1. Filter region 23-35 down to residues that are under 16 Å from PHE60 (Cα atoms) and out of contact with any Phe, Trp or Tyr (no Cβ under 9 Å at 6 or more places or on another chain), then give me how many there are.
2. For region 6-39, what are the residues that are assigned to a helix (DSSP H, G or I), of a type outside the set (Phe, Trp, Tyr) and touching a strand residue (DSSP E or B) at 6+ places or on another chain (Cβ under 8 Å)?
3. Yes or no: GLU54 within 18 Å of SER10 (Cβ to Cβ), more than 18 Å from the chain's Cα centre (by Cα) and of a type outside the set (A, V, I, L, M, F, W, C)?
4. Looking at region 14-39, which of the residues that are touching a Leu at 6+ places or on another chain (Cβ under 9 Å) and more than 22 Å from GLY95 (Cα to Cα) is surrounded by the fewest Cβ atoms within 10 Å (Cβ to Cβ)?
5. Looking at (1) surrounded by 13 or more Cβ atoms within 10 Å (Cβ to Cβ); (2) touching a residue at least 24 places away in the same chain (Cβ under 8 Å); (3) touching a strand residue (DSSP E or B) at 6+ places or on another chain (Cβ under 8 Å), which is the one condition that is false for ILE125?
6. In region 60-80, how many are surrounded by fewer than 16 Cβ atoms within 10 Å (Cβ to Cβ) and either without any contact (Cβ under 8 Å) to a residue 40 or more places away in the chain or more than 20 Å from GLU6 (Cα to Cα) (or both)?
Amino acid sequence: MMYIEETKLSEEVLEELISMSIDWEKENSCHGYRRNQKEDIQGNRIFLAKENDEILGYLFGYEEVQEKHSSVIEEGKKCFEVMEIYVKPEYRDKGVGRKLFEYMEEKVDVDYLTLSTATKNYQAILRFYIEHLGMDFWSARLFKKMK
C-alpha cells in the first residue's frame, strides 16, 4: 500500500534521491536538467511516496517570504517553492504525483505554492498542474534555438 510521508534528509534518503535524479537526467525530459548534488537537496522540506520500503517518488521545496510585490504575489506573503517533483516512470499515471502534491499542500502553512518547470512535454505539465491540481498559470519563458 502506498503512503506519503515528510522526512528528514538522511544519508540513505540523499542517496536514493540522487539516484532517482540521475535516472531523471537520463530521461532527457527537461531542458537543462542535471542530477542533484547534496547541496541541491539540503535545507528543503522532503516528501516521499513509498510502498513498503521502496521510494516511488519525491517532492522537495522550501518556504520563503515574498520580498517584494510581484504581478501575482504581494510583499510579505509566505510561499512554498516546489523545487522538484519526480515519480519513477513505472509509477506514473497512477496518482503518485498528485498524492505527493496534495500531501505537501496539507503540511505547508503558506499563502501561495509556486514552481517552475523546464519540461519538454508542456501539455502533460499543464494538464497535471492546472487541471488535476488546481494551480493557475502565471507566466511562460519560451525559446527558439537559432542555428
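1. To start, the set of residues in region 23-35 that are under 16 Å from PHE60 (Cα atoms) comprises 24, 33-35.
Within this subset, residues satisfying the condition of being out of contact with any Phe, Trp or Tyr (no Cβ under 9 Å at 6 or more places or on another chain) are 34.
Here the count works out to 1.
2. VAL13, GLU16, LEU17, MET20, SER21
3. Details: within 18 Å of SER10 (Cβ to Cβ): yes; more than 18 Å from the chain's Cα centre (by Cα): yes; of a type outside the set (A, V, I, L, M, F, W, C): yes.
Against the criterion (within 18 Å of SER10 (Cβ to Cβ), more than 18 Å from the chain's Cα centre (by Cα) and of a type outside the set (A, V, I, L, M, F, W, C)), GLU54 qualifies.
4. The extreme case among them is LYS38.
5. Every listed condition holds for ILE125 apart from (2).
6. Of all residues in region 60-80, those surrounded by fewer than 16 Cβ atoms within 10 Å (Cβ to Cβ) come to 62-65, 67-72, 74-78.
Next cut, either without any contact (Cβ under 8 Å) to a residue 40 or more places away in the chain or more than 20 Å from GLU6 (Cα to Cα) (or both) only: 62, 64-65, 67-72, 74-78.
Within region 60-80, residues that are surrounded by fewer than 16 Cβ atoms within 10 Å (Cβ to Cβ) and either without any contact (Cβ under 8 Å) to a residue 40 or more places away in the chain or more than 20 Å from GLU6 (Cα to Cα) (or both) number 14.
Computed from the coordinates by the stated procedures, all read-outs in this text should not be read as laboratory data. Everything numeric here is computed off the predicted structure, so don't read it as measured data. Cβ atoms come from the backbone with ideal geometry, glycine included; neighbour counts cover every protein chain shown.
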